[in-house]
Amino acid sequence: MNILITGVPGAGKTEVSRVLSERLGYRVVNDKDFSVKNKLGRYEGKEYVVSISKLNKCIKEKRRAKTIYEGHLWCELSKNNLSMFEYVFVLRAPKKLLSKRQKQRGYPVQKIFENIFCQDIKYIEKKLQDKDIVYKTINAGGNLEDTLNKILVVIYGKGTGYSTATNRKGN
């Protein structure tokens with residue numbers, strides 16, 4: 001089984017993926033680390049710009065079972081490559097939390113604004129919908145355990161007071 005955890009920077013993807021991988025015994029593949037390791041782009045200043053066509057070709061060749069793929073770039077994959085994921089989760093976080101986390105990482109104000117704007121307009125969700133990919137949106141601004149429970153309920157169908165309903169609109 002492969003799992004995709006995506007969302008804008010600061011939504012909690014890395015931490016959720018790390019803890020989830022420990023619980024499931026899965027490996028984690030970060031989009032930027034994968035892209036740099038496989039030379040799929042180039043640095044423009046401090047930012048690594050990835051070629052999506054190279055990313056699509058490389059992931060097709062290097063995909064592995066029992067892996068959590070985390071990062072905001074994965075939503076740019078082709079429909080065929082996105083179809084390799086049994087579960088796709090889009091993490092969302094409150095604007096104040098996103099802003100705080102991105103400031104701590106040294107993001108410029110303009111980049112923080114752009115990332116929050118992308119979450120507001122549901123950029124990632126729209127990319128997935130355009131490719132007819134089933135996903136579940138998870139509000140991840142609260143407790144890590146709550147976020148993990150929401151994900152595990154979708155995967156295993158167990159939990160209290162949480163619907164496992166997922167559809168192409170992410171509801």
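None of the figures in this text is laboratory data; all of them are computed from the coordinates on show. Because the structure is predicted, anything quoted here is derived from the model rather than measured. Cβ placement follows ideal geometry from the backbone for every residue including glycine, while neighbour counts extend to all protein chains displayed.
See the values below:
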item	result
Selection count, region 1-39, where residues are of a type outside the set (V, I, T) and part of a strand (DSSP E or B)	4
Matching entry among R64, R42 (being exposed (fewer than 13 other Cβ atoms within 10 Å of the Cβ) and part of a strand (DSSP E or B))	R42
Which listed residue is surrounded by 14 or more Cβ atoms within 10 Å (Cβ to Cβ) and on the phi > 0 side of the Ramachandran plot, from K127, K111, K136, K122	K122
Matching option when the condition is over 21 Å from E15 (Cα atoms) and outside any strand (DSSP E or B), among K100, K150, K96, K57	K57
E15, sole failed condition from (1) surrounded by fewer than 20 Cβ atoms within 10 Å (Cβ to Cβ); (2) under 20 Å from R63 (Cα atoms); (3) touching a residue at least 12 places away in the same chain (Cβ under 8 Å); (4) among the acidic types (D, E)	(2)
Test set (1) assigned to a helix (DSSP H, G or I); (2) over 14 Å from the mean Cα position of the chain (by Cα) - N115 fails condition number	(2)
Tabulated pairs, region 44-72, first more than 21 Å from V88 (Cβ to Cβ), second of a type in the set (V, I, T) and surrounded by 12 or more Cβ atoms within 10 Å (Cβ to Cβ), C-beta under 9 angstrom, 6+ apart or interchain	Y48/V36
Qualifying positions in region 79-98 - more than 15 Å from the chain's Cα centre (by Cα) and touching a residue at least 40 places away in the same chain (Cβ under 8 Å)	K79, P94, L97
